[in-house]
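Inspection log for the structure reproduced underneath, given as C-alpha cells.
The values are calculated or read from the model by the stated rules, or taken from the named source; none is laboratory data. None of the values given here were measured: they were computed from a predicted structure. Positions of Cβ are generated from backbone atoms using ideal geometry, with glycine treated the same way; all protein chains shown enter the neighbour counts. Protein only, heavy atoms only, side chains kept; ligands, DNA and RNA dropped before computing areas. Shrake-Rupley method; radii C 1.70, N 1.55, O 1.52, S 1.80 Å.
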Amino acid sequence: DAGVTQSPTHLIKTRGQHVTLRCSPISGHKSVSWYQQVLGQGPQFIFQYYEKEERGRGNFPDRFSARQFPNYSSELNVNALLLGDSALYLCASSLDQRNQPQHFGDGTRLSIL
Amino acid sequence: QQQVKQSPQSLIVQKGGIPIINCAYENTAFDYFPWYQQFPGKGPALLIAIRPDVSEKKEGRFTISFNKSAKQFSLHIMDSQPGDSATYFCAASRNAGNNRKLIWGLGTSLAVNP
C-alpha cells in the first residue's frame, strides 16, 4: 500500500510569492496534519483537517492556510513568502482526527530566495 | 517554552552499544508518546509508541521505558548498528477534544560507528 505522498519534493520561490503544497494520505485515512520542520529542529504543528474541516491550528500567521478535499487529500497554501518560511513541510495522515499514530510523508523542501 | 525536552542533542556509540535517549514532559494530560526516526531527506518514521498505563514496551531492538511519576520516558536501542544512524525524535500528544497534535522534542542525532 502506498504511504503518504507529497508533491512537489523540492520547490524554490522568492520572497512575496505564494506556494501550494499537496498531500495524499494513506488509503483509508481521513485526517491530514501539516507540520513545518526547520533545519535542526523538531516539526511544528500547523494544521489538522478531518472530514474537510479544520480541527486544529498551530501558532502560524494567517498567511498559512489549508484545505481538505472530498477524497481526503489536502493542500497547504502559504502567501507572501518570507525567508523564514524556508523549511521542510511535512504531511501526516491518521485514521481520524483523534487517532494515533500519525504517518508522515517525505515532505516538500521549500527554499525561499 | 519547550513542552517536551529531549537529551542529548547528539550521541556517538560503537556498533553493538546501547544508546539511550531521554525525554521529559510537563503536561500531565499527554497520553500518547511516540518515537520517530528520521533519515536525511526523509520524513519521520514511527518506531515505537507507548501510553502512560504501561511502564515498558519492546519492539524488536527498540525499547521505551516510561516513568509517569517523573514525567520522563526514554528510548533504548539494543545491539545498535551503523544503519541506526539517524535523528531520533520523541513526541507527545493529548486528546484536545477535536484534534490531536504532536508536540516534538528537538531531536537527537545518533551516530553508530562500525
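Qualifying GluC sites (Glu not before Pro) in the range A:23-113, where qualification requires a DSSP coil assignment and no more than 13 other C-beta atoms within 10 Å, comprise A:Glu51. Mean partner shielding of peptide A:99-111, defined as the number of other chain Cβ atoms within 10 Å of each residue Cβ, is 5. Between A:Ser27 and B:Asn27, the simple spin-label model (points 7 angstrom out along Cα→Cβ) gives 3.5 nm. Suppose we compare each residue of the range B:99-113 in its chain alone and in the full protein complex with a 1.4 Å probe; which ones drop by at least 40 Å² of accessible area? For the range B:99-113, once contacts with the other chains are taken into account, B:Asn99, B:Arg100, B:Lys101, B:Leu102, B:Trp104, B:Leu106 lose 40 Å² or more.
In summary, the aspartates and glutamates within cross-link reach of A:Lys13, defined as a Cα separation below 14 angstrom excluding same-chain residues under 8 places away, comprise A:Asp85. Counting only protein heavy atoms and a 1.4 Å probe, chain B has 48 square angstrom of accessible area per residue. Placing +1 on the Cβ of every Lys and Arg and -1 on the Cβ of every Asp and Glu, with nothing else charged, gives chain A a dipole about its Cα centre of roughly 220 debye. Would you please classify the overall shape of chain B from the alpha carbon gyration tensor, given that a ≥ b ≥ c denote the square roots of the eigenvalues, rounded means a/c under 1.5, and beyond that prolate means a/b larger than b/c while oblate covers the rest? It is prolate, given that a/c is not under 1.5 and a/b is the larger ratio. Cα-Cα over 20 Å: which of B:Lys15/B:Lys68; B:Lys5/B:Lys71; B:Lys5/B:Lys42; B:Lys5/B:Lys68? Going by Cα-Cα distance, B:Lys15/B:Lys68; B:Lys5/B:Lys42 fall outside the 20 Å limit. Take the alpha carbon gyration tensor of the range A:5-112, find the square roots of its eigenvalues, order them as a ≥ b ≥ c, and report rounded if a/c is under 1.5; if not, report prolate when a/b exceeds b/c, else oblate. Because a/c hits 1.5 or more and a/b exceeds b/c, the range A:5-112 counts as prolate. Taking every protein chain into account, the accessible area of the range A:5-112 amounts to 45 square angstrom per residue (probe 1.4 Å). Nonpolar atom fraction for chain B, defined as the carbon and sulfur part of the 1.4 Å probe accessible area, stands at 48 percent.
Legend: calculated FRET efficiency, A:Ser7 to B:Ser65, from the Cβ-Cβ distance at R0 = 45 Å, rounded to 0.05, equals 0.70. Prolate is the label for the protein assembly as shown, because a/c, from the alpha-carbon gyration tensor with a ≥ b ≥ c as root eigenvalues, is 1.5 or above and a/b exceeds b/c.
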